[in-house]
Every structure is written in structure tokens, then in C-alpha cells.
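The values are calculated or read from the model by the stated rules, or taken from the named source; none is laboratory data. These figures come from a predicted structure and were not determined experimentally. Ideal geometry is used to build each Cβ from the backbone, glycine not excepted, and the neighbour counts take in all protein chains shown. Ligands, DNA and RNA are excluded from the accessible area calculation, which covers all protein heavy atoms including side chains. Shrake-Rupley method; radii C 1.70, N 1.55, O 1.52, S 1.80 Å.
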Amino acid sequence: MSETYLAIDLGASSGRTIAGHIENDQLQLHEINRFWNGPIDLQGHLHWDFLHLYRQLREGLATAQNQYPVRSLSIDTWGVDFGLLDTTGSLLQNPVHYRDERTNGMFNALFKKSSREHIFEQTGIQFMEINTLYQLYALHLQNAPAYTHAHQLLFSPDLLTYWLTGQKIAERTIASTSQCYNPQTQTWAHDLLQTTGIRTDLFADLVDPGTPIGTVDGVSVIAAGGHDTACAFAAVPTQPNEQAAFLSSGTWSLLGCELPKPRINNNVLEKNFTNEVGVCNTIRFLKNLNGLWIIQELQRIWKQHGHEYTFTQMVEMAQAAEPFHAFINPADERFFTPGDMHQRICEYCQETHQPIPQNHAQTIRIAYEGLALLYAETLDDLEILSERTFDCIRIVGGGGRNHLLNQMTANATARPVHSGPAEATAIGNCIMQMIALGDLTDLAAGRTLIRNTFAQEMESYPPTHTSEWQTARQKWKQIINAA
């Protein structure tokens, strides 16, 4: 068997180890282990259990080595979160979850030190209170012991890489999510950090995606692309000369495109787009949007009340429900935090003088339609800001398996939608390892491999009922603008 590449892919709700190897000129994937990940409420704060993640990672590696000739591994995770180490390299506390309330109000607090315009000029990053910048400012204001005594900050994938190799680095794609990084100078945003009083001595040295870091158990450890969206974008199987918008669909939805350099101006600031670092000298110009988190929370809260729906059942229920019963704006901040999402949707409808959903099926459909309409609005902004016209949307990630949402997206945007591959993050992770080790020449070769391998999985959704969706979109815009 050919040499194997391990993708350690840690999402906001689950993690898994995926083994990839080339066989008959195709990339074969095998799941080694899958495990829970999520917030743990400890003394009023939400934390991640990184020791659990590390143990699962090591078990996945050991199992894989018993089955395959493992050449390398790389870790990708969600963005913005971090661990703080003391002078001995020990973790001072369990890393705090980005949905923790400690950053509430940090926008207003930080803007007294530095304006939105200055922050955006320095970082080019979308304003979200979950960003590392506001987490650190909250720690700074609280004079938190872990922060004041910390010797080093390592972002989530870099912390696990350090535990494997002993090397402390800041991989550039994950660093760029923090709003502490300047994509124009390609260094930490020292001027901004000094202005706000945030410590500048905590950050590790930056390394590019695709950098070998060290070894563990005879396996090369690669910083392939620490941010899961960077890996997902790397796996978008674009055709040559195709003008495609990229949509990474999962707990979060990330809609954007690849650019050769950051786009930082007042229009981008006004629309709250972001310039994150991509792989192979690209910028991921995109907007972070709420995604299937709303559906996941509906499933969770209904399960507590005795209704155990699978995600497949929820899609079927929504498909049978009345279209355009009512509209929500998934970007409303009430839909970002854990809680009773059903009740919040009902409250939104009541506050905006719309009919309240009468059953679970209507509630699910309202959530899906809201996402599709939000995608359409964001795509229009993306075309204006990037000065590009997109002839299609390519959806990757687990959300790409949702046939109903894919079709709704095609209808709302009046663009053909092409879905797949679903395992884009793990695939992009493997592709970047191959490039780093010289087993693939470049990203174009990787995308050709992906197209040839996963052609049977990919599906296309031509837009239908576009006039009805355009009418619905106008009504949706009136409602969200008045909310």
C-alpha cells in the first residue's frame, strides 16, 4: 500500500482521524476514529477539553499505524481559540470556548482604545466578538491570572502540534483568524496590540501552511493548514477558468472566494467581510455566516423534550412544509449562542409581526430558507467587493450533503450549485501534506486529483422557481431591515 497521510480534523462539535492514500491515481479515505467535541460548562464558563482531544488524537495515530504505513499527519481545527502556557510549557487552564460570554461587550470596550477603522486597516478581519482580539482584551481588563502569568499563546491546532513535537509555532492560516495578524505586512499587528494594551510577547513565530514542524513516533508532523476552512477551500474542485464562489457549509457557513492579496477598504469594512490567509499564497476573502448551528440547536432542544429527530428526518419534514411561512435573519445575534432556538425563532417572528410557526416542520423550513436567502445577499456583496462575477457556487463540507438547502441556495442565488466533496476539510488537509512533502506539485494538481476521485459524489443543482425566490427575497430584506 502507498504511504498514508493522516488528517486530524477537529470541528466545533466532533473530531475525527482520516487516513488518506493514493491508489490507482485516486485519493482513498478511511475513517480511523471519530469522537465528540464541544463545550463543557465549568464554573460558569464554557471550555474545550483539550486533554480529551489529545488522547483521541494519539489513539487515532496508534490505530492508523497498525493498519497503514503512515508518512505524515496534520491537525486542523476551528479558528480564534487558544491555550496559554507557562514558562515550563505547561497549559495554564483548559482553553475557553469561543461561545463563552466573556467577550460580551468587548466591542464597545475595545473601540474606546482603537477605532473600528484602525482595527480593520491593521487586520482586514470581520468583526466578531468571538475573535481572539476580544478574548484577549477581556482577559486584559480582568487582569486574569492565566493571562498575566502566561509565557506563550498557541492557537488550537498549534497547541496540539506542540504536544506532539515540542515545537511552538503559529501557523499562518489559523493566526489570521485572530484579528491580531496583519495580512498586508504578514506579521503580527503589533501597532494595534500595543494601542489596545494587549501583550505582544505571547505570540509564537509564524510559519506558512505546508511547513514540516517535527516528528512523532517516526511520523512527520506538518502544519498543513491549521484552520479547517483553509483546508476546506483547498479542496474545492474548481474547473480551469471557472469563476466559482466557495461555500464551506457546516456548523458555520463561510462564503467567499480566493484572491491573490487582501482587499482592505471602507466598503469591505462596511459589509464586514474578512481577509483570512489561505494555502499556497492565497487570501480567503469571505464572510463568516451562521450555518447549520441553528439546525443542530433545534435538534438538541427538541431531543430534551422527547422528539429525537435525525438530520435526515428534519430535512424531510422541512421539504414537506409550507414555503415562505415566515422569515428570519440567521445573522441576528440571538441565533449564535446556545439555547432554545425554537423559542428564539418564534420570538423573532412575533417581534417582526409575522406568523409564528405552528409545528416543528415549519420551524426547520424557516431556518433553511433564512440561510439560503442570507447566502444570496452575501453573494451579491461578494461580487461587488471582489469585482468578480461568479457563474456558480461550489459547496463543500458536511452541509453539502443537504440536498434541500443546496437546492434552496441555487434558487435564492439564481446560480447553479455544485456540491462535494463532503469531507473537504480532511481532503484539503491531506492535499497540503502531499504538497509539503513533494508528492504533489501544487494546488492545481491537488484539485485535479480531487475532481478525478470524487466525481461520483458531486451533484449539481440548477436553479428553479427563481421568480418566487426573488419575491421572497424582497420580503425577507424588508423584514430584516425593519427588525
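Quick notes on this one:
- Note on the range 418-443: residues that are of a type in the set (Gly, Ala, Ser) and touching a residue at least 60 places away in the same chain (Cβ under 8 Å) total 5.
- Scanning the range 165-216 for residues that are without any contact (Cβ under 8 Å) to a residue 40 or more places away in the chain and aliphatic (A, V, I, L, M) turns up Ala170, Leu193, Leu206, Val207.
- Here the helices (runs of 4 or more DSSP H) wholly within the range 109-182 that include at least 2 residues being open to solvent by 10 Å² or more (accessible area, probe 1.4 Å) are 116-123, 132-142, 145-149, 156-165.
- Subset of the range 11-25 [polar (S, T, N, Q) and more than 19 Å from Ser72 (Cβ to Cβ)]: Ser13, Ser14, Asn24
- Odd one out for Gly89 among (1) farther than 27 Å from Ile198 by Cα; (2) not in a strand (DSSP E or B): (1)
- Trp48 passes every criterion in (1) over 29 Å from Ile130 (Cα atoms); (2) within 24 Å of the chain's Cα centre (by Cα); (3) not aliphatic (A, V, I, L, M) apart from (1).
- Checking the stated criteria, Leu382 turns out not to satisfy the condition of being part of a helix (DSSP H, G or I), open to solvent by less than 30 Å² (accessible area, probe 1.4 Å), under 21 Å from Ala482 (Cα atoms) and not polar (S, T, N, Q).
- Selection count where residues are surrounded by fewer than 19 Cβ atoms within 10 Å (Cβ to Cβ) and assigned to a helix (DSSP H, G or I), scope the range 387-398: 0
- Single match in Ala422, Ala426, Ala410, Ala445 (criterion: buried (at least 24 other Cβ atoms within 10 Å of the Cβ), farther than 26 Å from Glu322 by Cα and either at pLDDT 95 or above or of a type outside the set (Lys, Arg) (or both)): Ala426
- Which numbered condition Ala12 misses (of (1) within 29 Å of Tyr147 (Cβ to Cβ); (2) of a type in the set (Gly, Ala, Ser); (3) open to solvent by 30 Å² or more (accessible area, probe 1.4 Å)): (3)
- Checklist (1) basic (Lys, Arg); (2) open to solvent by 60 Å² or more (accessible area, probe 1.4 Å); (3) under 25 Å from the mean Cα position of the chain (by Cα) applied to Arg99, failing item: (2)
- Checklist (1) modelled with pLDDT of 95 or more; (2) open to solvent by less than 60 Å² (accessible area, probe 1.4 Å); (3) under 29 Å from Leu46 (Cβ atoms) applied to Ala326, failing item: (3)
- Subset of the range 60-81 that is in contact (Cβ under 8 Å) with a residue 60 or more places away in the chain, open to solvent by less than 30 Å² (accessible area, probe 1.4 Å) and part of a helix (DSSP H, G or I) - its residue that is nearest to Ser178 (Cα to Cα): Leu61
- Selection count where residues are among the β-branched types (Val, Ile, Thr) and either assigned to a helix (DSSP H, G or I) or out of contact with any strand residue (DSSP E or B) (no Cβ under 9 Å at 6 or more places or on another chain) (or both), scope the range 183-218: 4
- Out of Leu57, Leu29, Leu51, Leu84, one residue alone is in contact with a strand residue (DSSP E or B) (Cβ under 8 Å, 6 or more places away or on another chain), part of a helix (DSSP H, G or I) and either hydrophobic (A, V, I, L, M, F, W, C) or at pLDDT below 95 (or both). It is Leu57.
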